[in-house]
1. Output the qualifying pairs, or none if there are none: Cβ atoms under 6 angstrom, residues six or more apart or on different chains, first residue in region 63-82 and more than 30 Å from Ile93 (Cα to Cα), second residue assigned to a loop (DSSP other than H, G, I, E, B) and of a type in the set (A, V, I, L, M, F, W, C).
2. With in contact with a Leu (Cβ under 6 Å, 6 or more places away or on another chain) and either within 28 Å of Ala44 (Cβ to Cβ) or of a type in the set (Lys, Arg) (or both) as the only criterion, which of Ala57, Ala143 stands out?
3. Name, by its number, the condition in (1) over 19 Å from Leu166 (Cβ atoms); (2) not in a strand (DSSP E or B) that does not hold for Ala139.
4. Could you list, in sequence order, all residues of region 51-86 that are of a type in the set (Asp, Glu) and exposed (fewer than 10 other Cβ atoms within 10 Å of the Cβ)?
5. Just name the residue that is nearest to Arg116 (Cα to Cα) out of those in region 128-173 that are more than 20 Å from the chain's Cα centre (by Cα) and touching a residue at least 24 places away in the same chain (Cβ under 8 Å).
6. Would you mind telling me which numbered condition in (1) part of a strand (DSSP E or B); (2) surrounded by 10 or more Cβ atoms within 10 Å (Cβ to Cβ); (3) modelled with pLDDT of 95 or more Thr89 fails?
7. Is at least one residue of region 101-120 out of contact with any Leu (no Cβ under 6 Å at 6 or more places or on another chain), among the basic types (Lys, Arg) and either outside any loop (DSSP other than H, G, I, E, B) or at pLDDT below 95 (or both)?
8. If Asp137 satisfies every condition in (1) surrounded by 12 or more Cβ atoms within 10 Å (Cβ to Cβ); (2) acidic (Asp, Glu); (3) modelled with pLDDT under 95 but one, which is the exception?
Amino acid sequence: MTPSIFKTCRRHGPALLLAVLAACVQPQPGSDVSRAGRYAPPGAPPDTCWSKHTSPAVIETVTRQVLAEPAQTDSSGRILRPAIFRTETRQQIVQPRQERWFEIPCPGMMTPDFIRTVQRALAARGLYRGPVHGQMDMATRKAVQRFQAPLGLDSGTLSLASARKLGLVAVAG
């Protein structure tokens, strides 16, 4: 670090240093960043657009009673002192966190006319009740999520497969 940068960082704090360092970071070969800064999975075809959905891990709490001391009985089998149990609680991962890449319509395709068509298609299926205004707002994203969740993608970002299933994008073939 040059002395002038060091003085500037001392004067303006660590936030400036982080900004300077972040500007110097270049994507490494094989990283998720490709094609002019758009994210894509490794090996994605050129001129395609992608999104990544991360589903959280599913964790359950398991509680069980463990025998700490057995019951004491007399010779006739009568209980003199009942058994003592202790409670053990632990968390268990039922389903690990999953990251899933899926192809999406590219930004140039997401015009207000296309989004209005998406809204009408979702409204026809009873999933969208908002205004047909051509904006990908929260209500539209929730409707997209309701459409895609039964298909195995719990995301409000419209996948290309869902757009095809809605009849909005031609199926290559």
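The values are calculated or read from the model by the stated rules, or taken from the named source; none is laboratory data. Everything numeric here is computed off the predicted structure, so don't read it as measured data. Cβ coordinates were reconstructed from backbone atoms using ideal geometry, including for glycine residues, and neighbour counts include every protein chain displayed.
1. Taking only residues 6 or more apart or on different chains, the pairs are Pro70/Ala83; Ala71/Ala83; Ile79/Ala71; Pro82/Ala71.
2. After ruling out the rest, the residue left standing is Ala143.
3. If we test Ala139 against (1) over 19 Å from Leu166 (Cβ atoms); (2) not in a strand (DSSP E or B), just (1) comes out false.
4. Passing the criteria: only Asp74.
5. Leu168
6. (2)
7. Yes - at least one qualifying residue is present in region 101-120.
8. (3)
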